[in-house]
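Here, each number is a calculation from the coordinates, and none is a lab measurement. What you are looking at is a predicted structure, and each value in this text was computed from that prediction instead of being measured. FYI the Cβ positions are ideal-geometry reconstructions off the backbone, even for glycines, and counts take in every protein chain you see.
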Amino acid sequence: MPPPAPWRGEARLQFAPGEGGRTVHQGGATAPLKLQRAIHHGDGRCELPLLHTAGGLVGGDQLRLQAELAPGSRALLTSVAAQKVYGSVGRSRRAPGGSWAQQELGLRLAAGADLEWLPQELVLYGGGLFEQRTRVELAPGAGFLSAEVVRLGLSAAGEDLGPGRWRSQLEIRRQGADGSRWELVDRLELGGEGLDQEHGMAGQPVFGSLVWAAPEPLEAGRLADLLAACRGDREGLEGEMACGPLPQGLVARYRGRSTQAARFWFTRLWARTRAVRGLEPPALPRVWPFQEDPLAGIAA
């Protein structure tokens, strides 16, 4: 009996300003992806949770998300639950080296649009192979924020990633009066010896990355103040955290043992970038499982 065919799920979305300043969306999704009910915030931003109904990814599965934002639209995309990627290395005689689960995101933002891509964490089981490719096209005045956290193995159960691997490729390109330029090209791979080496994960099971491409360049002093505040937001959180400037924005990394600490810090940085843009403070999505408020007690 042949093995079941891999999933090929896809979501295609369009966001545009609607009545009363609210951003509205249209589009659809194919199984195992499903769009949940959208929520609108006070500034008109459309929060849209995505549900992966299959309960996890296995080798060969592919997910694709395409989103286009019209001029002046604002959206927040998140996931209903953590994404699980099950191990495939050594599980099949036909492919003993395993098969990759893949996710591809293509995001196009028109002038003045703003997108926040904030999925819940990804859990990569021992022997799991996961590859993600994200391409972002920004028009002048468009802003993009992405924060992702990955757990490499089920450390609470004493399981490490083993022969598994995690790959990520993020490309952000911005259009301007003089043509387009690369805002960021970020390629990462975690696995093998890099899981234990000091310049890799140093034996830590949790990695996080946040990138903010600001809609406009920040004055040097203002950017320095923002980075100082972001570094101060590490207080009380376990793990190693660092952040630095981009030509037009910032990038932050987390390495440690706690997905909660990573998400707490990134949520605080999210609030900082909102403040710099003169936007209302973020409201945590209802689907997020926080028991405590990550923004409580941080300096204004």
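At a glance:
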item: Additional length obtainable on full extension of the chain from ARG231 to ALA31, 0.36 nm per residue less Cα span; result: 67.9 nm
item: Computed over region 8-276: relative contact order in percent, which uses C-alpha pairs under 8 Å that are six or more apart; result: 12
item: Sorted by Cβ density within 10 Å, fewest first, the residues HIS25, HIS199; result: HIS199, HIS25
item: 5 angstrom amide H check on LEU76, placed H, neighbours 5+ away; result: CYS46, GLU47, LEU48, GLU116
item: Label-point gap, in nm, between ARG181 and GLU193 - each point 7 angstrom along Cα→Cβ; result: 3.8
item: Potential extension, ALA283-ARG22 segment - 0.36 nm per residue separation minus Cα distance; result: 92.4 nm
item: For VAL24, distant residues with modelled amide H under 5 Å away; result: ALA16, GLY18
item: Rough spin-label spacing in nm, given labels placed 7 Å along Cα→Cβ, for GLU10 and ARG135; result: 1.4
item: Degrees between helix 220-232 axis and first principal axis of the chain (Cα, 0 to 90, nearest 10); result: 50
item: Exposure proxy ranking, count of Cβ atoms within 10 Å, fewest first, for ASP114, ASP225; result: ASP225, ASP114
item: R0 of 41 Å, Cβ-Cβ distance ARG94-ALA202: FRET efficiency to nearest 0.05; result: 0.70
item: Pairwise FRET efficiency - ALA275 versus ALA81, Cβ, R0 = 22 Å, nearest 0.05; result: 0.15
item: Gain upon complete extension [SER155, GLU171; 0.36 nm per residue less C-alpha separation]; result: 2.7 nm
item: Three-way shape call for region 179-261 based on the alpha-carbon gyration tensor, with the a/c threshold at 1.5; result: oblate
item: FRET efficiency, 1/(1 + (r/R0)^6) with R0 51 Å, evaluated for GLN62 and GLU219 via beta carbons; result: 0.75
item: Neighbour-count order for TYR86, TYR254, TYR125, fewest beta carbons within 10 angstrom listed first; result: TYR86, TYR125, TYR254
item: Cleavage-rule hits (GluC sites (Glu not before Pro)) in region 211-270: DSSP loop, at most 14 neighbouring Cβ within 10 angstrom; result: GLU219, GLU235, GLU238
